[in-house]
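*Asks:* I am attaching a structure below and will ask some questions about it afterwards.
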Amino acid sequence: MFIKRIEMRELRMQLLHPFETSFGVTQERRIVLITVSDRTHTGYGEVTAGEGPYYSHETSETAWHVLRDFIIPAAIGQEIESARDFARFARGIRGHNMAKAGLETALWDLEAKSKGLPLWKLLGGTREAIDCGVSIGIQPTIDKLLAKIDTEVKAGYRRIKIKIKPGWDVEVIRQVREAFPKILLMGDANSAYTLADIDLFKKMDRYNVMMFEQPLHYEDMIDHAELQKHIETPICLDESIHSAEDARKAIKIGACRIINIKLGRVGGHKEVRAVHDVCRDHGIPVWCGGMLESGVGRAHNVALSSLENFKLPGDVSASKRYWVEDIVAPPVEVSAEGQISQRHELGIAYSLKEDLVEKLKVRSQVFST
Ligand code: OSB
Ligand code: MG
């Protein structure tokens, strides 16, 4: 593949509903889309960084900078065999995994299209349909949360994740469990607690919660291993895992029993595969996390969720939960049974609505040979 042209576009997209976590509220997304072309085909990728440095240190702006000034200049005009060779263009760049994944994933889409394959097949996936869950943000009242859960359960979603934070935890979990005795329920704290909160986790341990996601510090493994010794509920790591090496270490010390894999956080499809394999080899199930993506990032998430060890429902849900109109056609849809079927078109298998993208675009930059 000859990297002939790369375009970065920043889009502004309004979420249908504000999304609140322990680290803040998101209403407007700044989405950086990457388009890469060789002489024949075009691949698409999405930078999943947030607007502010709250989930991680990266933002849409830092990703723009790192891509524009370091990654893209190293890639443009280069010939590569496979998207696996992307590492060459990021050599020496520490961190900034979401910036890297923006171009890396676009190259995978391009490679799949050049080879005449759907991306999920090129990645080695086997799941024709993936199980979907939803992530529900912190709500103004518990009644509003219960109503949202009811809507999502009726829509067919197979697992409900609620966001928790100090003051929105034990009582919320208790009431949700009382109202929905049978649902697969989990809580995501986005690093809002410390080991001083062990007793609170012991209280939440009673409600048959599927997992607590990233309860402690965003870089920690040691304290998570300690917390796991005191509770039955499995700990799932999100923020702390940036690579297969991180996953290996976390598993080794007992810091988690489940791992959430996010394409941006680990730097692209190649590392997703590596994290997936380490987890599989240790009997640790994984699931695909979400970052309030547009249809492009969502399509990549659908494809990677086809790998065998994605044994638990992910935060990959329908376009219509996020946007009035998604930028891909068709929109990503979830069946009444709570699944998304893999498509058989080439690459990410969803096409980009160019007119809509141009309308949402606030800036762009083209690099070409
Ligand atoms: O921690 O999983 C998270 C969204 C933004 C940042 C972090 C997280 C999330 C979600 C939303 O939980 C998942 C989604 O619906 O895309
Ligand atoms: Mg999370």
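The values are calculated or read from the model by the stated rules, or taken from the named source; none is laboratory data. Please read these numbers as outputs of a predicted model, since none were measured by experiment. All Cβ positions, glycine included, derive from the backbone under ideal geometry; neighbour counts span all protein chains shown.
*Asks:* For residues in region 155-192 being touching a Phe, Trp or Tyr at 6+ places or on another chain (Cβ under 7 Å) and polar (S, T, N, Q), which is surrounded by the most Cβ atoms within 10 Å (Cβ to Cβ)?
*Replies:* The extreme case among them is S191.
*Asks:* Would you point out which residue out of Y44, Y55 is buried (at least 20 other Cβ atoms within 10 Å of the Cβ), among the aromatic types (F, W, Y) and closer than 26 Å to E219 by Cβ? First the steps, then the outcome.
*Replies:* Details: Y44 fails: closer than 26 Å to E219 by Cβ.
Within the list Y44, Y55, the selection yields Y55.
*Asks:* Cβ-Cβ below 6 Å, separation at least six or inter-chain, first residue in region 200-216 and under 15 Å from S22 (Cβ atoms), second part of a helix (DSSP H, G or I) and away from ligand 1 (no atom under 12 Å from the Cβ): which pairs?
*Replies:* M204/V170; M204/I173; L216/D223; L216/H224
*Asks:* Let me ask something else about it. Search region 14-25 for residues that are under 15 Å from I164 (Cβ atoms) and part of a strand (DSSP E or B) and pair each with any residue that is of a type in the set (A, V, I, L, M) and more than 10 Å from ligand 1 (Cβ to nearest atom) when their beta-carbon atoms are under 6 Å apart and the residues are at least 6 apart or on different chains.
*Replies:* Once the first residue is under 15 Å from I164 (Cβ atoms) and part of a strand (DSSP E or B) and sits in region 14-25, its partners that are of a type in the set (A, V, I, L, M) and more than 10 Å from ligand 1 (Cβ to nearest atom) give E20/I138.
*Asks:* Ok, one more. May I ask you to say which residue of T26, T21, T40 is out of contact with any Ser or Thr (no Cβ under 6 Å at 6 or more places or on another chain) and either small (G, A, S) or closer than 23 Å to V362 by Cα (or both)?
*Replies:* Details: T21 fails: either small (G, A, S) or closer than 23 Å to V362 by Cα (or both); T40 fails: either small (G, A, S) or closer than 23 Å to V362 by Cα (or both).
Going through T26, T21, T40 in turn, just one is out of contact with any Ser or Thr (no Cβ under 6 Å at 6 or more places or on another chain) and either small (G, A, S) or closer than 23 Å to V362 by Cα (or both): T26.
*Asks:* Determine which member of the set E325, E337, E333, E293 is within 16 Å of ligand 2 (Cβ to nearest atom) and not small (G, A, S).
*Replies:* Among E325, E337, E333, E293, only E293 is within 16 Å of ligand 2 (Cβ to nearest atom) and not small (G, A, S).
*Asks:* If you go through region 277-288, how many residues are surrounded by fewer than 24 Cβ atoms within 10 Å (Cβ to Cβ) and at negative phi? Steps first, please.
*Replies:* Taking region 277-288 first, the residues surrounded by fewer than 24 Cβ atoms within 10 Å (Cβ to Cβ) are 277-278, 280-285.
Within this subset, residues satisfying the condition of being at negative phi are 277-278, 280-282, 284-285.
So the answer is 7.
*Asks:* Follow-up. Restricted to region 308-319, and to residues that are among the aliphatic types (A, V, I, L, M) and over 14 Å from P330 (Cα atoms), which residue is surrounded by the most Cβ atoms within 10 Å (Cβ to Cβ)?
*Replies:* Step one: filter region 308-319 for residues among the aliphatic types (A, V, I, L, M), giving 312, 316, 318.
Remaining after also requiring over 14 Å from P330 (Cα atoms): 312, 316.
Details: L312: 20, V316: 28.
Here the residue is V316.
*Asks:* Considering each of G52, G45 in turn, give the residue that is farther than 22 Å from I136 by Cα, at pLDDT 95 or above and small (G, A, S).
*Replies:* Values: G52 fails: farther than 22 Å from I136 by Cα.
Of the residues listed, the single one that is farther than 22 Å from I136 by Cα, at pLDDT 95 or above and small (G, A, S) is G45.
*Asks:* Inside region 6-32, can you point out the residues that are over 16 Å from the mean Cα position of the chain (by Cα) and within 16 Å of ligand 2 (Cβ to nearest atom)?
*Replies:* E20, S22, F23, G24, V25 - these are the residues of region 6-32 that are over 16 Å from the mean Cα position of the chain (by Cα) and within 16 Å of ligand 2 (Cβ to nearest atom).
*Asks:* Wholly within region 136-235, which helices (runs of 4 or more DSSP H) include no fewer than the required count, namely at least 1 residues that are within 15 Å of ligand 1 (Cβ to nearest atom) and of a type in the set (D, E, K, R)?
*Replies:* Per the criteria, 142-155.
*Asks:* Right, here's the next one. Just the residues that are away from ligand 2 (no atom under 11 Å from the Cβ) and surrounded by 21 or more Cβ atoms within 10 Å (Cβ to Cβ), please, taken from region 205-217.
*Replies:* Once the filter is applied, which keeps residues that are away from ligand 2 (no atom under 11 Å from the Cβ) and surrounded by 21 or more Cβ atoms within 10 Å (Cβ to Cβ), region 205-217 yields V209, L216.
*Asks:* crowded, with 23+ Cβ neighbours inside 10 Å, within 16 Å of the chain's Cα centre (by Cα), closer than 17 Å to R158 by Cα and within 15 Å of ligand 1 (Cβ to nearest atom): which single residue out of S294, S305 fits that description?
*Replies:* Step by step, each of S294, S305 is checked, and only S305 is crowded, with 23+ Cβ neighbours inside 10 Å, within 16 Å of the chain's Cα centre (by Cα), closer than 17 Å to R158 by Cα and within 15 Å of ligand 1 (Cβ to nearest atom).
*Asks:* Could you list, in sequence order, the residues of region 88-99 that are surrounded by fewer than 16 Cβ atoms within 10 Å (Cβ to Cβ) and in a helix (DSSP H, G or I)?
*Replies:* Selection gives R88 alone.
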